[in-house]
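Novice: Let me begin by handing over the structure; questions about it come next.
Taken together, the values in this text are just the output of simple stated rules run on the coordinates, not laboratory data. Since this is a predicted model, take the numbers as computed values, not measurements. Cβ coordinates were reconstructed from backbone atoms using ideal geometry, including for glycine residues, and neighbour counts include every protein chain displayed.
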Amino acid sequence: MKILVACYSRTGTTKEVGEAIAKELGADFDEIVDLKKRTGLPPIRFLIAGKDATRKRKTNIKFERAAAGYDLIVIGTPVWAGNITPAVRTYLGAQRLDGKKVAFFCTYSIGHEKVFDEMKALVPKSVVVGTLGIPAKEVKAGDYLKRAKEFAESLKK
Ligand SMILES: Cc1cc2nc3c(=O)[nH]c(=O)nc-3n(C[C@H](O)[C@H](O)[C@H](O)COP(=O)(O)O)c2cc1C
């Protein structure tokens, strides 16, 4: 089974989890890049980022690998204002995921209640085979690896 792990990550937390999952799966890894500047001047950019997520805005992104060549695509996002990020919203529409197996993961500070439902709704013709939410503090402490490995194992079945 050929697997792609792709994620957006503003400050590296989601990327760290994505790379660990990819390593565990022997998968290719791709970073989704948001071409809108999201770093620097934190307070104002933080507010704009949250507003873009709440309003379910898309953005301009770039990524390297087309989903077409893969059997399973594992997609990760940070939670922004309770939502998925604009970059991942755009990615889910830009890739051809109909009929593909997909799995989702996210990192967050407080909670991720709606996030996977929202991702599922954006790819109604995909088969969702797993989801994993990891708190950012677990990533910082290095405590996420066991759950990331279990998640990867469950996807291999
Ligand atoms: C604009 C913005 C909004 C956020 N909103 C939430 C939120 O509503 N709930 C939550 O649990 N975490 C929220 N967070 C925290 C991030 O989801 C968390 O720090 C995540 O691990 C960051 O991932 P990254 O390092 O890959 O960018 C927010 C972060 C940013 C930058």
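Novice: Sort out which residues of the range 147-157 are without any contact (Cβ under 8 Å) to a residue 24 or more places away in the chain and in a helix (DSSP H, G or I), and write them in order of number.
Specialist: Listed by number, the residues that qualify are ARG147, GLU150.
Novice: Here are some conditions: (1) surrounded by 14 or more Cβ atoms within 10 Å (Cβ to Cβ); (2) in contact with a Gly (Cβ under 9 Å, 6 or more places away or on another chain). GLU113 meets all but one. Which one does it not meet?
Specialist: (1)
Novice: Next question, about the same structure. Restricting to the range 123-146, name every residue that is crowded, with 17+ Cβ neighbours inside 10 Å and part of a helix (DSSP H, G or I).
Specialist: ALA136, GLU138, VAL139
Novice: May I pose another question? For ASP52, state whether it is surrounded by fewer than 23 Cβ atoms within 10 Å (Cβ to Cβ) and within 11 Å of the ligand (Cβ to nearest atom).
Specialist: Considered against the rule, which asks whether it is surrounded by fewer than 23 Cβ atoms within 10 Å (Cβ to Cβ) and within 11 Å of the ligand (Cβ to nearest atom), ASP52 comes out as yes.
Novice: OK, next. Check whether at least one residue in the range 100-116 is within 10 Å of the ligand (Cβ to nearest atom) and in a helix (DSSP H, G or I), and report yes or no.
Specialist: Yes, there is a match, as at least one residue in the range 100-116 is within 10 Å of the ligand (Cβ to nearest atom) and in a helix (DSSP H, G or I).
Novice: Additional query: Which of the residues that make up the range 99-134 are among the hydroxyl-bearing types (Ser, Thr, Tyr) and closer than 20 Å to PHE29 by Cβ? Step through it out loud before you land on a result.
Specialist: Of the range 99-134, the ones among the hydroxyl-bearing types (Ser, Thr, Tyr) are 107-109, 126, 131.
Scanning the range 99-134 gives THR107, SER126, THR131.
Novice: Separate question: How about the range 2-12: which of its residues are near the ligand (Cβ under 9 Å from one of its atoms) and buried (at least 24 other Cβ atoms within 10 Å of the Cβ)?
Specialist: CYS7, TYR8, listed by residue number.
Novice: A further question follows. Give me the pairs: first residue in the range 124-138 and touching a residue at least 12 places away in the same chain (Cβ under 8 Å), second residue acidic (Asp, Glu), beta-carbon distance under 8 Å, and six or more apart or on different chains, which are they?
Specialist: LYS125/ASP98; SER126/ASP98
Novice: Return the residue satisfying two criteria in turn: it lies in the range 23-46 and is closer than 19 Å to ARG65 by Cα and free of Cβ contacts under 8 Å to residues at least 40 places away in the same chain, and of such residues it is nearest to the ligand (Cβ to nearest atom).
Specialist: Across the range 23-46, the extreme among qualifying residues is GLU31.
Novice: Please verify whether the range 60-68 includes one or more residues that are more than 16 Å from the ligand (Cβ to nearest atom) and at positive phi.
Specialist: No - not one qualifying residue is present in the range 60-68.
Novice: How many of the residues in the range 79-103 are in contact with a Lys or Arg (Cβ under 8 Å, 6 or more places away or on another chain) and among the hydrophobic types (A, V, I, L, M, F, W, C)?
Specialist: Counting residues in the range 79-103 that are in contact with a Lys or Arg (Cβ under 8 Å, 6 or more places away or on another chain) and among the hydrophobic types (A, V, I, L, M, F, W, C) gives 2.
Novice: Exactly one condition in (1) within 10 Å of the ligand (Cβ to nearest atom); (2) in a helix (DSSP H, G or I) is not met by GLY76; state its number.
Specialist: (2)
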